[in-house]
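What follows is a single structure, written as structure tokens, with notes after it.
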Amino acid sequence: MFKITLLLVFLISSPILYAESAFNLSFGPVTTGDSRINLSLRDFDIKPIGKGIEVKASFIKGSVQWVRTKQNLLIPRARMAIIIKNYSPRVHILYKGQAIIPENRNKYLYTELFVDLFGLEDAQIKDGSKVVSHIQVNAKKPRKGSKTKLIDYSCSRNGIEVTGLDDQYLSIGCRMEKRGRWRKERPRLVVTWATTNYRLRDGVDSPFVSYFNQTGKTETVLVNRQGKEVKVSISAKLPKRLHRMKTALGFGPYFLENSFSGESNDKWGASFMLYGKYDFTKTVSARFFDALVYNGSVFNNSGLYFAYHLADIMDGKVSIVPLLGFQGLYFKFKDNPRTNNNIIYPQGFEVVFRHVFDIENFMVIYGMFLSTDDDERYTNAWVRWGTKYFWELNFIEWGRGQYKATTWGLSIGVPFMQFL
């Protein structure tokens, strides 16, 4: 029990869980994200416009951050320094509905604020109720050969394709929802997207939202400040059903070292694995497994566990998942009629790495179970990697009284049945 307590204390208290920092996208907490396009402040122009008041604005070098919004959209922002001269005491700045009172540095007013590089909304300089100037940010035409479309990993299973806006930066994020009754749930994909320089014809700025209830596409027309129009189409693929229960099978050669009353039987054998997962929510599930190894002796290990995401770090690319439950263990040594068949209570965890090597949906999972009973030795450790099909390297060691079994090997996992 001490091992499990120590493990949980480590998971809860480890500083790595708090590696994501909270910032303000102008205002309000957000988390930093991971971009896959190389965007530079040199790709944007700042233009103060107005008369009767002197305004200077510039980006602060190295201040670009990609942040993930509540709509699961990655948006770039940067800190802008604003200097206002020949001012009056009534001057303030209005940006995205928030009034900012700048610092008074005697000869000028000064402030810094995060600006949305994909948003068209200007920062207004106001003297009382009168707008005396505004600061406009425009994106330049991307450099030739540069990647401009950021389709987030959250869209990786939906085959998102975009036409139009080839000369503009674009960010797309996805969120899958379930609709309908239990056992008949169908998908609804929420696609949120934002771009530079363009808005809808009625003046509404990005981000925009497209809802997909089946495989298909949405189309719209956007217009820039100069009146140029562009037709934009976004297509997505959806499954017909969303199943809560998913299973997989595994096969492979395993070496089984086992003994009883001093007699041993150490040789290669065949293995059969069954994996199952029932999703209560996106982050809470029930897991079960069964591992059978046969080489004349029979070793069978099964388990049922409650799993939940204790922490997601690195923009959701790494998850720490405790596994709380119990196992059944069966062991029969060759032709000996005596068997061991009992319930054990090892507890464990998984660390899940997603989109490894920048490959969409490629996952690497490390997991371990440790015994909670000093009278029963048990360790189960595994490394699993792959996408739809996966490989698993597994090591299990168990001992109780005169019984002892250690097995290890490499198996391949394949998807099996989906239902509920």
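The values are calculated or read from the model by the stated rules, or taken from the named source; none is laboratory data. Keep in mind it's a predicted model, so treat the numbers as computed, not measured. Please note: Cβ atoms are built from the backbone with ideal geometry, for glycine as well, and neighbour counts cover all protein chains shown. Only protein heavy atoms, including side chains, enter the accessible area calculation; ligands, DNA and RNA are left aside. Shrake-Rupley method; radii C 1.70, N 1.55, O 1.52, S 1.80 Å.
Here the accessible area is traced with a 1.4 Å probe on the protein chains. For the chain, carbon and sulfur cover 55 percent of it. Remark: the chain projects, on average over all directions, an area of 26.1 nm² (convex hull of Cα atoms).
Length gained on full extension, Gln214 to Ser58: 51.7 nm, using 0.36 nm per residue less the C-alpha separation. For the chain, take the longest principal axis of its alpha carbons; what is the angle in degrees between that and the long axis of helix 2-13, to the nearest 10 within 0 to 90? That helix lies at roughly 10 degrees to the long axis. Rounded to the nearest 0.05, what FRET efficiency is calculated for Ala99 and Thr379 with R0 set to 56 Å and r the Cβ-Cβ distance? So, using R0 = 56 Å, E works out to roughly 0.40. Tell me which lysines have Cα within less than 28 Å of Lys404's Cα, excluding those fewer than 8 residues away on the same chain? By straight Cα distance, Lys404 reaches Lys3, Lys267, Lys332, Lys334. The aspartates and glutamates within cross-link reach of Lys178, meaning a Cα-to-Cα straight distance under 16 Å and a gap of 8 or more places when in the same chain, are Asp279. Extension gain for Thr387 to Gln402 (0.36 nm times residue separation, less C-alpha to C-alpha distance): 1.3 nm. Applying 1/(1 + (r/R0)^6) with R0 = 30 Å to the Cβ-Cβ distance of Asn300 and Trp268 gives a FRET efficiency near 0.95. Here the Gaussian network model covers the chain, with springs between Cα atoms less than 10 Å apart; of Lys317, Lys51, Lys141, Lys51 fluctuates the most. Note on Arg179 and Asn224: with the Förster distance fixed at 41 Å, the Cβ-Cβ geometry gives a FRET efficiency of about 0.70.
Once the Cα-Cα distance is subtracted from the 0.36 nm per residue extended length, the Thr339 to Thr163 segment shows a gain of 56.9 nm. Look at where the Cα atoms of the stretch 95-159 and of the stretch 329-350 average out, and the two centres are 62 Å apart. On a per residue basis, the stretch 327-420 carries 53 Å² of accessible surface, using protein heavy atoms and a 1.4 Å probe. Run through the DSSP bridge list for the stretch 105-182 and note the antiparallel percent, rounded to the nearest 5. That works out to approximately 60 percent antiparallel.
Listed cross-link partners Lys96/Lys217; Lys47/Lys217; Lys147/Lys240; Lys317/Lys388; Lys61/Lys231 are compared with a 27 Å cut-off, the Cα-Cα value being larger for Lys96/Lys217; Lys47/Lys217; Lys147/Lys240; Lys61/Lys231. Working note: 222 nm ellipticity from helices only, DSSP H runs with n ≥ 4, each -39,500 (n - 2.57), summed and divided by the residues of the chain, gives -1000 deg cm²/dmol to the nearest 500.
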